[in-house]
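See structure below.
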Amino acid sequence: MIVNFFILSPRGDTVIAKTYRAKAGSSLLAHERSHTEAFFRKVKFWDGVAPGTPGMDTTLGLTGGLSGAAGLQGSGGKWGEEKLEKKGDAPPVFVMPDGYSYMHIKRNGLIFGCATEKNVSPVVVIELLSKIAKVFKDYCGTLSEESIRKNFILLYELLDELLDYGYPQVTQTENLKAFVYNEPIVVSKVADTGKMINPKTANASAVHKPVISSVDADGRKTSLSANQKNEIFVDILERLNVVFSNNGYVLNSTIDGCIQMKSYLAGNPQLRLALNEDLVIGKNNGSSSAYSTITFVDDINFNDCVNLSEWENGRTLSFHPPDGEFVVLNYRMTGEFKAPFRIFPSIEEVEPNKLEISVHIRAEIPDNHFGANVSIEIPLPGITTAASCSVVSTPGAAGVHAEYVTKEKKIVWNLKKFPGCTEQTMRAKVSLGGPCTSQIRREIGPINMNFEIPMYNVSSLQVRYLKIAENLPGYTPYRWVRYVTQSSSYVCRL
């Protein structure tokens with residue numbers, strides 16, 4: 001299935017690497033570092049072309065790449081010395097000139113990657129990499145370069161059980177406990193204050209406890225049973241995909257949601273989770289509306305551990321939570337729903353080579369909620385020579401800033417906090433290097449908006465209660481439920 005597995009740091013350093021199926025005399029075995037360096041170079045500076053395409057140069061970038069590798073060593077492990085032009089992000093799957101197909105995912109800045117020589121299903125391999133990242137996080141507590149370096153013995157032990165000759169074997173966190181004997185070294189989590197404005201925006205991934213007994217930085221052993229609260233963390237996470245017209249009307253809208261949990265309950269008791277009693281599943285069971293009191297979802301799927309005997313009558317699930325973080329159910333909703341933000345753009349040609357762009361955004365969420373880490377990007381034509389931005393901000397907004405990024409030819413408008421029931425406006429004066437033709441005008445946009453809204457969900461899916469199925473005397477668990485709405489693809493056409 002896979003030939004090798006590796007984890008790369010944000011600088012391109014190889015943190016973990018393991019070869020499973022390299023043939024005798026294979027160049028992959030002899031020049032493993034060169035291959036991972038060439039792979040990182042391709043991901044870091046993606047030029048829009050897979051170098052494994054027939055008829056192209058197949059030197060793997062090693063003619064200039066080996067000298068680049070020398071430059072890498074001399075510059076302290078950074079790829080900053082070479083001037084390479086990047087064209088977007090690299091796809092998760094592409095072919096390199098060494099004949100292998102490379103597949104990768106990114107988690108917390110780290111690159112989890114592997115190479116395959118056979119025609120395997122990319123979806124299966126991507127799911128395998130995601131499962132490996134999840135298992136590493138469950139056993140280390142946090143997923144970072146420091147935690148991986150300090151627990152590399154444990155992680156290599158996990159890799160021996162996860163994969164055998166490149167084929168997946170045991171991938172469930174709870175099943176791996178019987179085969180793992182090393183203890184993790186707990187690394188304190190470093191908060192990303194640049195992206196977090198409110199701790200409520202953190203989901204259950206913010207829980208940083210290993211699933212087995214561990215050792216702290218001072219060498220003291222910490223047991224899971226000692227002085228640990230009975231806690232369970234529940235997240236209702238929704239990702240929005242919305243397309244607006246230039247008049248502010250919604251052209252297409254979908255919600256991809258999930259309920260995920262992480263349990264620290266002693267004895268692994270059975271849990272009962274109840275959702276909206278008026279929850280309707282299926283497109284043909286009624287017509288949804290943006291202001292309907294009934295919650296409609298198109299489809300829903302459940303984890304294998306869930307018992308559905310009471311689902312049809314009372315919308316109640318019962319299950320024994322497995323170890324680590326897991327998804328209880330996934331759901332999808334299409335059709336009309338009330339978009340949290342509406343975008344109203346306008347473009348005016350004041351002179352043949354000058355434009356005035358105005359973007360008005362209205363928050364249609366309740367005034368007791370707010371959008372956090374809001375970012376709006378407006379691509380401009382390639383012949384743009386200069387642009388100046390001004391922002392009209394209403395009271396309550398925080399961290400408002402707009403600027404023109406010359407290198408990327410786009411306007412970036414950031415708001416740390418966007419209160420509900422308020423409006424924000426940004427105006428830009430754009431100077432072009434030539435007349436604004438219809439072709440040049442088509443290069444403007446689309447507007448892309450990113451945000452997250454804590455303790456709010458668009459679909460109105462609610463957790464009615466979460467409780468222990470059996471009444472255990474003296475057993476008082478702590479329940480933490482969070483609602484988080486995030487933008488996946490929030491776009492306005494111009």
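Tabulated data
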item: Vicinal HN-Hα couplings computed from phi for the stretch 326-338 (Karplus, 6.51 cos²θ - 1.76 cosθ + 1.60; Hz; Gly/Pro x); result: 8, 9, 6, 7, 10, 9, 9, 9, 10, x, 7, 8, 6
item: Segment Thr171-Ser121, extension gain: residue separation times 0.36 nm, minus the distance between their alpha carbons; result: 16.2 nm
item: Amide hydrogen neighbours beyond the local backbone of Gly335, cut-off 5 Å, H modeled; result: Ser253
item: The stretch 341-454, relative contact order in percent, only Cα pairs under 8 angstrom and at least six apart counted; result: 38
item: Additional length obtainable on full extension of the chain from Met455 to Val412, 0.36 nm per residue less Cα span; result: 12.9 nm
item: Contour excess over end-to-end distance, with Cα ends at Ala17 and Val391 and 0.36 nm allotted per residue; result: 129.8 nm
item: Pairs beyond 25 Å (Cα-Cα), from Lys42/Lys409; Lys134/Lys229; Lys131/Lys262; Lys18/Lys134; Lys44/Lys409; Lys106/Lys429; result: Lys106/Lys429
item: Listed residues Ser358, Ser393 arranged by accessible area, highest first, probe 1.4 Å; result: Ser393, Ser358
item: The stretch 341-454: radius of gyration over Cα atoms, expressed as a fraction of 2.2 N^0.38 Å; result: 1.10
item: Unit charges on C-beta of K, R, D, E only; dipole of the stretch 341-454, Debye; result: 180
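The values are calculated or read from the model by the stated rules, or taken from the named source; none is laboratory data. Given the structure is predicted, the values throughout are model-derived calculations rather than measurements. Cβ: placed from backbone, ideal geometry, glycine included. Neighbour counts: every protein chain shown. Ligands, DNA and RNA are excluded from the accessible area calculation, which covers all protein heavy atoms including side chains. Shrake-Rupley method; radii C 1.70, N 1.55, O 1.52, S 1.80 Å.
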